[in-house]
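Student: Shown below is the structure under consideration.
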């Protein structure tokens, strides 16, 4: 099923297993594949209303992790830039995932460009206040 997400000019595809939001100039690509257990957020995150943009993402991740049998999940974060409101939603995202560390093996791969020390520091800050396994990957 493909339809236009209310409030944003982006396509969102949801089926029983997967969740996708196409990247725009101001919103990241969201590609959560329940079969591969690899969930990716990439691009720029500057939505006008970050709470509204990330709400269905948080809902889907919560439902997926809650309903899944114990297994391993990889969350790949490859964001080029994010604003303050997106930063708050990413914190909510990680706190939500953290609820499931007793049930699932969860790894966070935080990608950053070689010259982008600000993005590395951002990932490092998240990792310090969470009980999640972060791996920092330079590209």
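The values are calculated or read from the model by the stated rules, or taken from the named source; none is laboratory data. Owing to the predicted nature of the structure, the values given are computational and were not obtained by experimental measurement. With ideal geometry, Cβ positions are generated from the backbone for all residues, glycine too; neighbour counts draw on all protein chains shown.
Student: Can you pull out every residue in region 19-37 that is in a strand (DSSP E or B) and surrounded by fewer than 16 Cβ atoms within 10 Å (Cβ to Cβ)?
Tutor: Within region 19-37, 33 is the sole residue that qualifies.
Student: Also: Of the numbered conditions (1) surrounded by fewer than 18 Cβ atoms within 10 Å (Cβ to Cβ); (2) farther than 19 Å from residue 119 by Cβ; (3) within 14 Å of the chain's Cα centre (by Cα), residue 91 satisfies every one except a single condition; which is it?
Tutor: With (1) surrounded by fewer than 18 Cβ atoms within 10 Å (Cβ to Cβ); (2) farther than 19 Å from residue 119 by Cβ; (3) within 14 Å of the chain's Cα centre (by Cα) applied to residue 91, the lone miss is (2).
Student: Among 81, 126, which is in contact with a helix residue (DSSP H, G or I) (Cβ under 6 Å, 6 or more places away or on another chain) and on the phi < 0 side of the Ramachandran plot?
Tutor: Only one candidate qualifies: 126.
Student: Which members of region 48-101 meet the condition of being outside any helix (DSSP H, G or I), more than 16 Å from residue 28 (Cα to Cα) and out of contact with any strand residue (DSSP E or B) (no Cβ under 7 Å at 6 or more places or on another chain)? Steps first, answer last, please.
Tutor: Pass one, region 48-101, residues outside any helix (DSSP H, G or I): 48-49, 68-83, 99-101.
Imposing the further condition that a residue be more than 16 Å from residue 28 (Cα to Cα) reduces the set to 68-74, 99-101.
Within region 48-101, 68, 69, 70, 71, 99, 101 qualify.
Student: Is it the case that some residue within region 65-76 is farther than 21 Å from residue 19 by Cβ and surrounded by fewer than 19 Cβ atoms within 10 Å (Cβ to Cβ)? Break it down stepwise before answering.
Tutor: Looking only at region 65-76, we keep the residues that are farther than 21 Å from residue 19 by Cβ, and these are none.
The answer is no, given that none of the residues of region 65-76 is farther than 21 Å from residue 19 by Cβ and surrounded by fewer than 19 Cβ atoms within 10 Å (Cβ to Cβ).
Student: Here is a check on your reading of the model: is residue 122 over 20 Å from residue 22 (Cβ atoms), surrounded by 17 or more Cβ atoms within 10 Å (Cβ to Cβ), out of contact with any strand residue (DSSP E or B) (no Cβ under 7 Å at 6 or more places or on another chain) and modelled with pLDDT of 95 or more?
Tutor: Answer is yes for this residue.
Student: So, residue 29, is that one under 16 Å from residue 139 (Cβ atoms), touching a strand residue (DSSP E or B) at 6+ places or on another chain (Cβ under 8 Å) and without any contact (Cβ under 8 Å) to a residue 24 or more places away in the chain or not?
Tutor: yes
Student: With respect to residue 82, determine if the residue is over 19 Å from residue 44 (Cβ atoms), surrounded by 14 or more Cβ atoms within 10 Å (Cβ to Cβ) and under 15 Å from the mean Cα position of the chain (by Cα).
Tutor: Considered against the rule, which asks whether it is over 19 Å from residue 44 (Cβ atoms), surrounded by 14 or more Cβ atoms within 10 Å (Cβ to Cβ) and under 15 Å from the mean Cα position of the chain (by Cα), residue 82 comes out as no.
Student: Tell me, which residue of region 102-118 that is more than 15 Å from the chain's Cα centre (by Cα) and not in a loop (DSSP other than H, G, I, E, B) is farthest from residue 27 (Cα to Cα)?
Tutor: That would be 105.
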